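Enquirer: Structure below; questions to follow.
The values are calculated or read from the model by the stated rules, or taken from the named source; none is laboratory data. Just so it is clear, the structure is predicted and the values come from calculations on it, not from any experiment. No Cβ is skipped: glycine too gets one built from the backbone with ideal geometry, and neighbour counts run over all protein chains shown. Note: areas computed on protein heavy atoms with side chains; ligands, DNA, RNA excluded. Shrake-Rupley method; radii C 1.70, N 1.55, O 1.52, S 1.80 Å.
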Amino acid sequence: ICHSFAAWALWYLGYPDQGLARIDEAVTLAQQCAHPWSLSFVLSFAARFYQLHREGRATQERAEASIILAMEQGFPVWRAQGAILGGWALAQQGRAKEGIEQLNQGLRAFRATGAKISQSHFLALLAEGYGIMGQPKAGLEALAEALMLVDRTGERWYESELYRLK
């Protein structure tokens, strides 16, 4: 798990290639550990890392692995995050309608768990999907909700990207 956070730190410090190496190392270590919760966490974070890196196929692969493990183990938060990230990946790979549907299902499932963290990021992914579909009004609505959450929660790590998308 710590390797996952280190990958993100490297990303934000401007070392994306080192971050990629670290996130792949995190997945390998989590697989060797054979601790399902840790592996599910790491797979989800790996999907998020690859999403930040704008790699649709790698995001989808990690998201699907996360969903399968989360379903087997009964981890609803990781399952929902996998659906959200997988939906983004589908949209990026030319399957925008299917991706938006999966993103919305994942967001509903995520919210149903009571989880609050990262919703602004996930809404940004939904807005991107709407942009691909040529539905700017729906995308702007998702961004408005995301920016409201940023103001309410103080979770600002993805705020600049929200404004860029807007």
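Enquirer: Applying the selection to the stretch 1-46, what residues are over 16 Å from the mean Cα position of the chain (by Cα) and of a type in the set (S, T, N, Q)?
Expert: 18, 28, 31, 32, 38
Enquirer: Let me ask something else. Out of all the residues in the stretch 9-17, is one or more under 16 Å from residue 66 (Cβ atoms), in a helix (DSSP H, G or I) and without any contact (Cβ under 8 Å) to a residue 24 or more places away in the chain?
Expert: no
Enquirer: Determine which single condition residue 23 fails, assuming it passes every other condition in (1) under 29 Å from residue 138 (Cα atoms); (2) open to solvent by less than 50 Å² (accessible area, probe 1.4 Å); (3) not small (Gly, Ala, Ser).
Expert: Only one criterion in (1) under 29 Å from residue 138 (Cα atoms); (2) open to solvent by less than 50 Å² (accessible area, probe 1.4 Å); (3) not small (Gly, Ala, Ser) is unmet by residue 23, namely (1).
Enquirer: Separate question: Quick one: what pairs do we get from the stretch 99-120, first residue over 24 Å from residue 154 (Cβ atoms), second among the charged types (D, E, K, R) and surrounded by 13 or more Cβ atoms within 10 Å (Cβ to Cβ), C-beta under 8 Å, 6+ apart or different chains?
Expert: Close Cβ pairs satisfying both conditions: 109/79.
Enquirer: Got at least one residue in the stretch 65-78 being surrounded by 24 or more Cβ atoms within 10 Å (Cβ to Cβ), of a type outside the set (A, V, I, L, M) and either touching a Lys or Arg at 6+ places or on another chain (Cβ under 8 Å) or in a helix (DSSP H, G or I) (or both)?
Expert: Checking the stretch 65-78: at least one residue is surrounded by 24 or more Cβ atoms within 10 Å (Cβ to Cβ), of a type outside the set (A, V, I, L, M) and either touching a Lys or Arg at 6+ places or on another chain (Cβ under 8 Å) or in a helix (DSSP H, G or I) (or both).
Enquirer: What do you reckon, is residue 42 assigned to a helix (DSSP H, G or I) and farther than 18 Å from residue 119 by Cβ?
Expert: So residue 42 passes the test.
Enquirer: Can I ask one more? Look through the stretch 120-166, keep the residues that are among the charged types (D, E, K, R) and outside any helix (DSSP H, G or I), and return whichever of them is least open to solvent (accessible area, probe 1.4 Å).
Expert: It comes out as 155.
Enquirer: From (1) of a type in the set (A, V, I, L, M); (2) under 18 Å from residue 83 (Cβ atoms); (3) surrounded by fewer than 14 Cβ atoms within 10 Å (Cβ to Cβ), pick out the condition that doesn't hold for residue 47.
Expert: Of the numbered conditions (1) of a type in the set (A, V, I, L, M); (2) under 18 Å from residue 83 (Cβ atoms); (3) surrounded by fewer than 14 Cβ atoms within 10 Å (Cβ to Cβ), the odd one out for residue 47 is (3).
Enquirer: Kindly indicate whether any position in the stretch 89-102 is farther than 17 Å from residue 58 by Cα, open to solvent by 50 Å² or more (accessible area, probe 1.4 Å) and at pLDDT below 95.
Expert: no
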